[in-house]
Amino acid sequence: MKPYQRAALALAVLKLETNNTKRNIYDYTQSCYPRISGHADKACIKFFDYDRNTYFEGRFNDGEYRLYDYGHGEYISIKQKSAGCYEGYHYGSGRYYSIACQGNKVSFYDYGTALYYNFA
């Protein structure tokens, strides 16, 4: 999974957990605030990535969000497992990932890289 996809998913989880009050996210691995904006709610997630000039969006259906990264033509699923805990599948890499959110902090585990990534 690409770094900006991880950042978008981390921001989506924070927005879902905080009712869209979180406006941006800090990526500790990249040491920056990715320029991503939009909204996430029970019906859909819709972001625009200004760094890549592309959309990252999808709808909630059958218990999960099916997101599409228009910049790379890749699908990514995400679903809530319990309060603050999410998991999903990145169809481009064929790998799973998990996200844990506590307050304004997000821990993202990417099974493709076997590494944790932190966001706030």
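Details
- Over the chain, DSSP H runs of length four or greater, each weighted -39,500 (n - 2.57), average out per residue to a 222 nm ellipticity of -4000 deg cm²/dmol.
- As a calculated quantity, the FRET efficiency between Asn118 and Asn61 at R0 = 22 Å, using C-beta atoms, amounts to about 0.15.
- Label selected from (1) 17.1; (2) 13.8; (3) 14.4, the criterion being Kirkwood radius over Cα pairs in Å as computed here: (2)
- Length gained on full extension, Thr18 to Asp51, computed as 0.36 nm times the residue gap minus the Cα-Cα distance: 9.5 nm.
- Taking the chain as a Gaussian network of alpha-carbon nodes connected by springs under 10 Å, the highest mean-square fluctuation of the residues Ala100, Ala83, Ala12 belongs to Ala83.
- Nitroxide proxy distance, nm - points 7 Å out along Cα→Cβ at Cys44 and Tyr109: 3.3
- With a cut-off of 13 Å between beta carbons, the residues surrounding Arg52 carry a summed charge of -2, where Lys and Arg count +1 and Asp and Glu -1.
Every number in this text was worked out from the coordinates using simple rules, so none of it is lab data. Fair warning: this is a prediction, and the values are worked out from it, not measured in the lab. Don't worry about glycine lacking a Cβ; one is built from the backbone with ideal geometry, like all the others, and counts go over all protein chains shown.
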